[in-house]
Amino acid sequence: MFPSAAVALFLQQNSFIDLVSHGTVLTYAVLGVLVIFSILSLTIIFSKLSSFGAARQSDERFLRAFRKAGNLEAAMVASEQYRPSPLVAVFDHGYAEVTRQVTARGGVSHGESINRSLQLGTNEQIARLERNLSWLATTASVSPFIGLLGTVIGIIRAFQNLGAAGSTSLRAVGPGISEALVATAVGLVAAIPAAVAYNHFGHQLKELGGRMDDFSLEFLNLIDRSFGE
């Protein structure tokens, strides 16, 4: 009886402000924490959407230019035009190792060290793109529990009011349950976008990682062509 009645009361309220205007300090604290989680996660989501989109576009352009390059020096010249690209960062690691070997030995003789340098570049770019994604995972997993805490606080208050009033009327118990439902809803509103975005960016990271691994193979092939190995 209480849940359906509380929902009816919830629908009769004029606004969100009306629902929380009579809350306790703990209620406001819970809602404040959830708002902070939501704002930070949305900021990260929009920032990552921009950075992942820019990385994908610049990768595609650099990869086309790289495949048209006939030798390592031509690829180096092409890379200067696409500096935001993660693939360019991987290329720089490989190119730096090739340059060291050519300077020290007059040629390329340690393909394994070049491969390791390329892998280091890949790891650095993955770590850079992963930055702050853990906050989305935290928001997705913690926000529902914070909302549940607000729910428990609201229900406790509702039954305290019920006991103080000495009656079982909806007027006595309804406001506290309404506040409890608001806390739960806000927790879910914060968690759902964060969970969806975290999974989406995780999938994009896998694609970018695979693309960088494939590029490393293409780079090694270019080294073979350039130095006759």
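The values are calculated or read from the model by the stated rules, or taken from the named source; none is laboratory data. The model shown is predicted, which means the values in this text are computed figures rather than measured ones. No Cβ is skipped: glycine too gets one built from the backbone with ideal geometry, and neighbour counts run over all protein chains shown.
Taking segment 31-73 as the region of interest, how many residues are farther than 23 Å from ASN132 by Cα and part of a helix (DSSP H, G or I)? Walk me through how you get there before you give the answer.
Taking segment 31-73 and keeping what is farther than 23 Å from ASN132 by Cα, we get 60-73.
This time we only want the ones that are part of a helix (DSSP H, G or I), so: 60-68, 72-73.
Residues that pass the stated criteria total 11.
Go through segment 34-58 and count every residue that is surrounded by fewer than 12 Cβ atoms within 10 Å (Cβ to Cβ) and either farther than 28 Å from GLU80 by Cα or among the hydrophobic types (A, V, I, L, M, F, W, C) (or both).
2
Test THR103 against the stated conditions and say whether it is hydroxyl-bearing (Ser, Thr, Tyr) and farther than 25 Å from SER47 by Cα.
On the way: hydroxyl-bearing (Ser, Thr, Tyr): yes; farther than 25 Å from SER47 by Cα: yes.
In short, yes.
In segment 216-229, what residues are in a helix (DSSP H, G or I) and either surrounded by fewer than 17 Cβ atoms within 10 Å (Cβ to Cβ) or touching a Pro at 6+ places or on another chain (Cβ under 9 Å) (or both)?
Scanning segment 216-229 gives LEU217, GLU218, LEU220, ASN221, ASP224, ARG225, PHE227.
Going by the conditions given, is PHE37 closer than 26 Å to GLU207 by Cβ, within 34 Å of the chain's Cα centre (by Cα) and at pLDDT 80 or above?
So PHE37 fails the test.
How many residues are surrounded by fewer than 20 Cβ atoms within 10 Å (Cβ to Cβ), closer than 25 Å to LEU31 by Cα and touching a residue at least 24 places away in the same chain (Cβ under 8 Å) if we restrict to segment 193-215?
Selection size over segment 193-215: 2.
Being within 30 Å of ILE39 (Cα to Cα) and in contact (Cβ under 8 Å) with a residue 12 or more places away in the chain is the filter here; which residues of segment 108-127 pass it? If you could, list the steps in order and put the result at the bottom.
Narrowing segment 108-127 to residues within 30 Å of ILE39 (Cα to Cα): 123-127.
The answer is GLU124, GLN125, ILE126.
Scanning for something in a helix (DSSP H, G or I) and without any contact (Cβ under 8 Å) to a residue 40 or more places away in the chain, does segment 80-87 turn up at least one residue? Can you show your working first?
Just the residues of segment 80-87 that are in a helix (DSSP H, G or I), to begin with: 86-87.
If we keep only those that are without any contact (Cβ under 8 Å) to a residue 40 or more places away in the chain too, we end up with none.
Taking every residue of segment 80-87 in turn, none turns out to be in a helix (DSSP H, G or I) and without any contact (Cβ under 8 Å) to a residue 40 or more places away in the chain.
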